[in-house]
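Once you've had a glance at the structure underneath, I'll fire off some questions.
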């Protein structure tokens, strides 16, 4: 299986069951993570009823009401949402593996998932609670929303965050991997990248042409190669290999949602840089964070220029 036939998918290529895109174990070689992208209009609904899966509902654009059924009890949870993925954090909802749900509202919504038999409590995470982190420096500056990382969320296996990269900047850099179990140093994690791009001036004119670039290449764990222009709705799957950079083209901001889980007993986000490029980190110490950041950030945020491994590496 190579990049174009199995690991990279254009918007809509994975459509099914009323969803714009569905990533699940029906894709050969894929087993630990899932993602659904839905487009809703007022008065329509999408069912989130996969059994034995923990999930995080993430509004991409718009606001949503989620009706949750768990152990016979029905509750309604409001997710205030946002205008677009470039307008700061959003409310998200962690759904227990014991719950089913129906999502209603208007806009675009993502549902990240991972199979598990462990039960963690359903929990709404408000936008104001989301840890917002500014990473890298200079042209490698980016913004990370860590609502679904081990430090922020009690989950069984699932690790989810989102990254905004200002026009012209690089993220997921230096290239790195997480495909070996090396206790304390590297964890095995499948990873999904879901992309959106927009004109930096937010003009609607020519917005469909907005793009970035994304690369993945082989490691000892397996052969893979992705070198793609990425636009809104595109999805890259990373079962193994070095991945990065994700580059926002000049004039266009780039967003991606990362979904990770793996077979290791610990829920850890540990990465190994490509040794050929790891030296790049040293240059960041003398560079400031890009002044365009944060993007409408709500809640706590911090800088981490010296050691990104504490939060899982170069998102």
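The values are calculated or read from the model by the stated rules, or taken from the named source; none is laboratory data. Fair warning: this is a prediction, and the values are worked out from it, not measured in the lab. For neighbour counting, all protein chains shown are included, and Cβ atoms are generated from backbone atoms with ideal geometry for every residue, glycine included.
Would it be correct to say that residue 83 is over 26 Å from residue 165 (Cα atoms), under 22 Å from the mean Cα position of the chain (by Cα) and surrounded by fewer than 19 Cβ atoms within 10 Å (Cβ to Cβ)?
Criteria not met by residue 83.
Restricting attention to segment 27-50, and to residues there that are free of Cβ contacts under 8 Å to residues at least 60 places away in the same chain and under 18 Å from residue 110 (Cβ atoms), which single residue is surrounded by the most Cβ atoms within 10 Å (Cβ to Cβ)?
Ranking the candidates gives 45 first.
Also, quick follow-up: Test of understanding: among 112, 127, 137, which residue is in contact with a helix residue (DSSP H, G or I) (Cβ under 6 Å, 6 or more places away or on another chain), closer than 30 Å to residue 170 by Cβ and either in contact (Cβ under 8 Å) with a residue 24 or more places away in the chain or surrounded by 18 or more Cβ atoms within 10 Å (Cβ to Cβ) (or both)?
Result of the check over 112, 127, 137: 137.
Does residue 42 satisfy the condition of being under 16 Å from residue 120 (Cβ atoms) and in a loop (DSSP other than H, G, I, E, B)?
So residue 42 does not fit the description; no.
So, residue 64, is that one over 18 Å from residue 156 (Cα atoms) and either in a loop (DSSP other than H, G, I, E, B) or without any contact (Cβ under 8 Å) to a residue 12 or more places away in the chain (or both) or not?
No: the conditions fail for residue 64.
Criterion first (surrounded by 20 or more Cβ atoms within 10 Å (Cβ to Cβ), at pLDDT 95 or above and within 19 Å of the chain's Cα centre (by Cα)) does residue 224 satisfy it?
Judged against the criteria, residue 224 is not a match.
Right, something else. Kindly list the number of the only condition in (1) outside any strand (DSSP E or B); (2) touching a strand residue (DSSP E or B) at 6+ places or on another chain (Cβ under 6 Å); (3) under 24 Å from residue 128 (Cα atoms) that fails for residue 14.
(3)
When residue 50 is evaluated against the numbered criteria (1) in a loop (DSSP other than H, G, I, E, B); (2) farther than 16 Å from residue 97 by Cβ, which criterion, by number, is the only one it fails?
(2)
So which residues in segment 215-226 are farther than 18 Å from residue 260 by Cβ and assigned to a loop (DSSP other than H, G, I, E, B), if there are any at all?
The answer is 220, and nothing else.
Pairs only if they're at least six apart or on different chains, beta carbon under 7 angstrom, first in segment 272-295 and at positive phi and free of Cβ contacts under 8 Å to residues at least 24 places away in the same chain, second surrounded by 13 or more Cβ atoms within 10 Å (Cβ to Cβ) and in a loop (DSSP other than H, G, I, E, B); list them, first residue then second.
From segment 272-295, no pairs qualify.
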